[in-house]
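Q: Before we start, here is the structure in question, set down as structure tokens.
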Amino acid sequence: MTEHEDAAAWVPSSRELADLESAAQECRGCELWRPATQVVFSSGDRSACVLLVGEQPGDQEDRQGEPFVGPAGRVLDEALADAGIDRSAAYLTNAVKHFRFEQRGKRRIHQKPDVRHLTACRPWLEAEMEAVSPDVVVALGATAARAVLARTVRIGEVRGRLLDEPDRPVVVTTHPSAVLRLRGREGYAESYAELVADLRLAAPYA
Ligand code: URA
């Protein structure tokens with residue numbers, strides 16, 4: 001099997017999350033597996049009503065093998081708690097399952113995934129959606145929104161309401177990293193409050 005096509009060839013027919021996660025370890029659907037430490041698949045279980053999608057694992061997530069365990073994860077945890085959503089009852093995943101970065105000396109600098117990475121990884125997200133069949137999906141940031149909705153949206157134009165999508169409602173909100181970047185600066189409180197307000201739209205489903 002050649003690399004750089006998409007993940008479809010690696011996705012098993014099973015919709016057990018454990019089977020999906022273990023098959024994903026072998027995925028060569030794009031080149032991102034090479035420099036990454038490991039696949040970061042998801043956390044949460046198949047009975048979750050709220051499924052949250054991020055962009056891709058960051059440095060900490062890549063090292064620990066869990067989504068949203070780094071600084072952006074701490075912002076998300078706080079916002080989820082303030083929105084009345086129990087993180088442990090939600091399912092958390094990413095549009096792209098490997099950390100894309102540029103090595104600069106000892107530092108690994110986050111690089112946004114390209115559309116081809118989103119496309120390559122989408123079969124995993126589709127399989128997860130089938131497995132979990134959540135009542136609502138929350139896309140964190142424009143990259144996640146593109147993966148979930150299969151179209152490009154501007155966060156400012158679609159946030160603040162439930163989008164009526166064919167399979168289930170979708171909430172699009174800002175990525176917690178964008179909120180984190182404002183910490184200590186003007187605009188942080190407002191940006192955080194907007195994130196919480198968007199997450200509250202999903203809370204009744206939790
Ligand atoms: N950012 C993401 O989009 N996902 C993670 O898992 C961590 C940071």
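Throughout, read-outs are computed from the coordinates displayed, never taken from laboratory work. Source: prediction; values computed, not measured. Methodologically, a virtual Cβ is constructed for each residue, glycine included, from the backbone with ideal geometry; neighbour enumeration extends over all protein chains shown.
Q: Which whole number of Å³ per residue matches the convex hull of the alpha-carbon atoms in region 1-157?
A: Measuring per residue, one finds 114 Å³ for the Cα hull of region 1-157.
Q: What trypsin sites (Lys or Arg not before Pro) does region 102-149 have in DSSP loop regions with at most 14 other beta carbons within 10 Å?
A: Lys106
Q: In what sequence, highest mean first, do 166-175, 14-23 appear when ranked by Cβ atoms within 10 angstrom?
A: In decreasing order of mean packing, 166-175, 14-23 become 166-175, 14-23.
Q: I need to check one value: relative contact order of region 37-121, counting alpha carbon pairs closer than 8 Å and at least 6 residues apart, in percent.
A: Result for region 37-121 is 37 percent.
Q: While we're looking at this one, here's another question. As a test, work out the antiparallel percent of DSSP beta bridges whose residues both lie in the chain, rounded to the nearest 5.
A: 35 percent
Q: With 18 Å as the cut-off, how large is the P(r) tail for region 140-206, expressed as percent of Cα-Cα pairs?
A: Within region 140-206, distances greater than 18 Å cover 36 percent of Cα pairs.
Q: Given the -39500 (n - 2.57) contribution per DSSP H run of 4+ residues, what per-residue ellipticity at 222 nm results for the chain, rounded to the nearest 500 deg cm²/dmol?
A: -11000 deg cm²/dmol
Q: Pick from Glu165, Glu31, Glu128: which is most flexible by mean-square fluctuation in a GNM of the chain where alpha carbon atoms under 10 Å apart are linked?
A: Glu165
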